[in-house]
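Beneath this line is the structure, given in C-alpha cells, with notes to follow.
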Amino acid sequence: MATIFLVCTVHEESGSASVNQLHAILGAIHPEVVFLEVPSETVESKIAVDMNNNLESKALSLFQADHNIKLVPVDLPTPSREFFENYARVHKEVEEKSIK
C-alpha cells in the first residue's frame, strides 16, 4: 500500500516557511511523485517548476538535483490576467471598506 503525505505550503518564504525547510521535508519523506499546483496542460512539469520562482519551485529544483521524482501537474487552467486584475480590485475595495 502506498503512503501519501500532504504537504501544504505558502508560495513565499515567511518565518519557518522557507526553501530550506521544504527541501528538508522532501528529504525526510523521499517522495516518488509530487503533484504540482500548475495547469494540467503544462507539457513538461519540469518546465513548470523552472518557470515559477516561488518557494515550492525552488525547493523542488534543489530536491530534483539529487533525486529522481515524477512531477504531475494537477491544477486547472490559469485564469486570464483580467481575472487577477478584477480579483485584486475587489480585494482592495473590500479591504478599504472593512471596519478596522
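Residues of region 24-42 that are farther than 18 Å from residue 53 by Cα, open to solvent by 50 Å² or more (accessible area, probe 1.4 Å) and not in a helix (DSSP H, G or I): 30, 32, 33, 40, 41. Restricting attention to region 1-23, the residues that are surrounded by fewer than 10 Cβ atoms within 10 Å (Cβ to Cβ) and modelled with pLDDT of 90 or more total 3. The residues of region 70-100 that are part of a helix (DSSP H, G or I) and charged (D, E, K, R), listed by number, are 81, 82, 85, 89, 92, 93, 95, 96, 97. Just so you know, in region 43-58 the residues that are in a loop (DSSP other than H, G, I, E, B) and open to solvent by less than 70 Å² (accessible area, probe 1.4 Å) include one that is modelled with the lowest pLDDT, and it is 52.
The values are calculated or read from the model by the stated rules, or taken from the named source; none is laboratory data. The structure displayed is predicted, hence computed values, not measured ones. Cβ coordinates were reconstructed from backbone atoms using ideal geometry, including for glycine residues, and neighbour counts include every protein chain displayed. The area values use the complete protein model at the heavy-atom level, side chains included, leaving out ligands, DNA and RNA. Shrake-Rupley method; radii C 1.70, N 1.55, O 1.52, S 1.80 Å.
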